[in-house]
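The values are calculated or read from the model by the stated rules, or taken from the named source; none is laboratory data. Every value quoted in this text rests on a predicted model; they were computed, and no experiment measured them. All Cβ positions, even for glycine, are placed from backbone atoms using ideal geometry, and neighbour counts span all protein chains on display.
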Amino acid sequence: MEVRQHDLPLISADQRSEVEKLLRQRTLQPRVRERLEMVKARALGEDLASIVRWCGRSARRVTYWLQRYSTGGPAALSDAPRSGRPPRADAAYHQALEAAVTTPPRQLGLGFDVWTSARLSTYLAEQTGVRLAPGWLRVLLTQHDFVTGRPKHTLKHVQDPVAVAASVAELAAAGGTGRRGTGALRIAS
């Protein structure tokens, strides 16, 4: 089936301003954004060949989405619901996750200072009744733009500042930074 230029629906100025308003949303799904960009390009007078060229879709697919928009508006550009089991982590779980991560564990009455994915998974299971594996919880944390990784443990908080200063001064008096090179001085303690 060949798609002709005159088969493409026309997009009005009001529809174009509506599409541009939708494109400014930050939470727009990438697939819907691409489809809205197709509609915007058509509203700006782009022909089918140029839209196909920049979006990388076939002429039939571009025509399909443009016709869907003309009959159903922006809502027609969304994906259909996917089959399968619905996700366990609902909106309440996401809210509890965000609240827990932004609150230090000690303030929640817990006996540790740092969240791990296993601890966070257990805590959220107690709070929401939904148990997620720590690996899936890390995926959710990434989706919420939280940084995950191993904490960097140091002992600076238990060091004696006077002893550290004395060691630095002794090292400077020895004439080096502790690296052994030619002419390095060794002091027995």
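Values computed for the structure shown
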| read-out | value |
| --- | --- |
| Subset of the range 106-115 [surrounded by fewer than 17 Cβ atoms within 10 Å (Cβ to Cβ), closer than 19 Å to VAL147 by Cβ and touching a residue at least 12 places away in the same chain (Cβ under 8 Å)] | VAL114 |
| Selection within the range 18-44 - without any contact (Cβ under 8 Å) to a residue 24 or more places away in the chain, surrounded by 15 or more Cβ atoms within 10 Å (Cβ to Cβ) and charged (D, E, K, R) | GLU34, GLU37 |
| Members of the range 141-184 found to be modelled with pLDDT under 85 and either under 18 Å from THR116 (Cα atoms) or in contact with a Lys or Arg (Cβ under 7 Å, 6 or more places away or on another chain) (or both), listed by number | VAL147, THR148, GLY149, ARG150, PRO151, LYS152, HIS153, THR154 |
| Which numbered condition GLY72 misses (of (1) exposed (fewer than 15 other Cβ atoms within 10 Å of the Cβ); (2) in contact with a Pro (Cβ under 9 Å, 6 or more places away or on another chain)) | (2) |
| Within the range 102-133, tally of residues that are closer than 20 Å to HIS153 by Cβ and within 20 Å of the chain's Cα centre (by Cα) | 4 |
| Lone qualifier among ALA118, ALA96 - being touching a Ser or Thr at 6+ places or on another chain (Cβ under 6 Å) and either among the small types (Gly, Ala, Ser) or exposed (fewer than 12 other Cβ atoms within 10 Å of the Cβ) (or both) | ALA96 |
| Pair list, Cβ under 6 Å, 6 or more apart: the range 118-131 residue in contact (Cβ under 8 Å) with a residue 12 or more places away in the chain, other residue part of a helix (DSSP H, G or I) and among the hydroxyl-bearing types (Ser, Thr, Tyr) | THR128/TYR93; VAL130/TYR93 |
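Table: residues versus (1) within 25 Å of ARG33 (Cα to Cα); (2) modelled with pLDDT of 95 or more; (3) assigned by TED's automatic domain parsing to the domain that holds ARG33.
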| site | (1), (2), (3) |
| --- | --- |
| GLY84 | yes, no, no |
| ARG106 | no, no, no |
| GLY111 | no, no, no |
| VAL114 | no, no, no |
| SER117 | no, no, no |
| LEU124 | no, yes, no |
| PRO134 | no, no, no |
| VAL139 | yes, no, no |
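This table checks each residue for (1) farther than 30 Å from ARG150 by Cβ; (2) aliphatic (A, V, I, L, M); (3) part of a helix (DSSP H, G or I).
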residue: GLN15; (1), (2), (3): yes, no, yes
residue: ARG31; (1), (2), (3): yes, no, yes
residue: PRO81; (1), (2), (3): yes, no, no
residue: GLY84; (1), (2), (3): yes, no, no
residue: LEU97; (1), (2), (3): no, yes, yes
